[in-house]
Amino acid sequence: MMYQEWRHVFKLDPAKEISEEALKQVCESGTDAILVGGTDGVTLDLVLDLLIRVRQYNVPVALEISTIDSVTPGFDFYFIPSVLNSTNTTWVKDLHIEAIKEFGDYMDWNELVPEGYCILNSDCKAARATEAHTSLSKEEVIAHARLAEHFFKFPIFYLEYSGVYGDPKMVKAAKNVLKNTRLFYGGGITSARQATEMAMIADTVVVGNHLYDNLNEALETVKAVHAVTL
Ligand code: 1GP
């Protein structure tokens with residue numbers, strides 16, 4: 001299944017431990033894909049280890065690149081964030097230039113999936129690391145969504161609330177102006193009810209942290225999301 005059809009995604013952090021049994025349940029949950037990514041302590045060894053473990057199962061697996069050093073072949077897709085509300089160009093395009101300088105001649109551009117990120121939780125690690133300007137009005141979120149679709153032509157616009165449950169009104173505002181660009185929502189989903197609410201707005205719902213806190217509740221989000229047709 002291509003990423004354009006994914007409705008539910010589990011995000012696994014290579015720096016966090018997960019037992020074999022839990023990983024099996026996650027990979028066999030019926031989720032549409034596993035996205036491997038994290039902000040802190042992501043190393044090549046940890047990424048490789050998780051990739052090999054996830055590859056025991058049939059689920060598609062994508063690497064969301066946070067450091068160039070931890071990129072390895074073997075994933076189905078490489079998701080490349082560009083943080084549109086970062087105030088530091090490092091996270092918008094400088095790291096990308098660096099990677100292209102190093103690997104540009106060998107890159108398989110078809111495997112790369114650029115994501116226009118908009119981080120809205122000021123407290124999350126990603127917001128701090130990227131010095132994101134998170135206190136955006138609805139109009140500003142709409143402008144970021146339009147920038148992603150019409151200016152950069154990103155296939156994905158990712159509203160990132162990592163760690164807190166987002167404001168459905170903001171998500172709806174972004175969704176209303178997007179046509180070809182897919183809206184990913186991620187952040188603070190801890191129940192089937194929240195998963196349903198966001199699945200009624202966003203194209204793709206990402207569940208991360210809760211997998212490590214309460215696996216069973218996290219697993220219930222798969223059915224909840226798949227029960228909603230947009
Ligand atoms: C994080 O958007 C994902 O990058 C999911 O957020 O970990 O809060 O579920 P949570």
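For the reader, a short list of remarks on this structure follows.
- Test result for TRP91, open to solvent by 10 Å² or more (accessible area, probe 1.4 Å) and aromatic (Phe, Trp, Tyr): yes
- Pairs are defined by a Cβ separation below 7 Å, a sequence spacing of at least 6 or placement on different chains, a first member in region 199-210 that is free of Cβ contacts under 8 Å to residues at least 24 places away in the same chain, and a second member that is more than 6 Å from the ligand (Cβ to nearest atom) and outside any helix (DSSP H, G or I); the pairs so defined are HIS210/THR190.
- Condition met for GLU102 (surrounded by fewer than 16 Cβ atoms within 10 Å (Cβ to Cβ) and over 19 Å from VAL47 (Cβ atoms)): no
- Residues that are of a type outside the set (A, V, I, L, M, F, W, C), open to solvent by less than 40 Å² (accessible area, probe 1.4 Å) and closer than 21 Å to VAL92 by Cβ within region 35-65 comprise GLY37, GLY38, GLU64, listed in sequence order.
- Once region 212-223 is narrowed to residues that are in contact (Cβ under 8 Å) with a residue 60 or more places away in the chain and open to solvent by 10 Å² or more (accessible area, probe 1.4 Å), the residue that is farthest from the ligand (Cβ to nearest atom) is LYS223.
- Among the residues making up region 29-47, those that are touching a Pro at 6+ places or on another chain (Cβ under 9 Å) and more than 13 Å from ALA15 (Cβ to Cβ) are ASP32, ALA33, ILE34.
- Meets criteria (among the aliphatic types (A, V, I, L, M), touching a residue at least 12 places away in the same chain (Cβ under 8 Å) and buried (at least 21 other Cβ atoms within 10 Å of the Cβ)) for ILE18: no
- Answer from VAL177, VAL171, VAL164 - the residue that is open to solvent by less than 10 Å² (accessible area, probe 1.4 Å) and not small (Gly, Ala, Ser): VAL171
- The lone exception for HIS226 - which of (1) away from the ligand (no atom under 16 Å from the Cβ); (2) open to solvent by less than 20 Å² (accessible area, probe 1.4 Å); (3) closer than 14 Å to PHE10 by Cα it fails: (2)
- From the options VAL36, VAL47, VAL83, VAL42, residue that is under 21 Å from LYS153 (Cα atoms), within 16 Å of the ligand (Cβ to nearest atom) and either of a type outside the set (S, T, N, Q) or touching a residue at least 12 places away in the same chain (Cβ under 8 Å) (or both): VAL83
- Single unsatisfied condition, GLU21 versus (1) out of contact with any Asp or Glu (no Cβ under 7 Å at 6 or more places or on another chain); (2) within 20 Å of TYR161 (Cβ to Cβ): (2)
The values are calculated or read from the model by the stated rules, or taken from the named source; none is laboratory data. No experiment lies behind these values; they were computed from the predicted model shown. Virtual Cβ from ideal backbone geometry, glycine too; neighbours counted across all protein chains shown. For accessibility, only protein heavy atoms count, side chains too; no ligands or nucleic acids. Shrake-Rupley method; radii C 1.70, N 1.55, O 1.52, S 1.80 Å.
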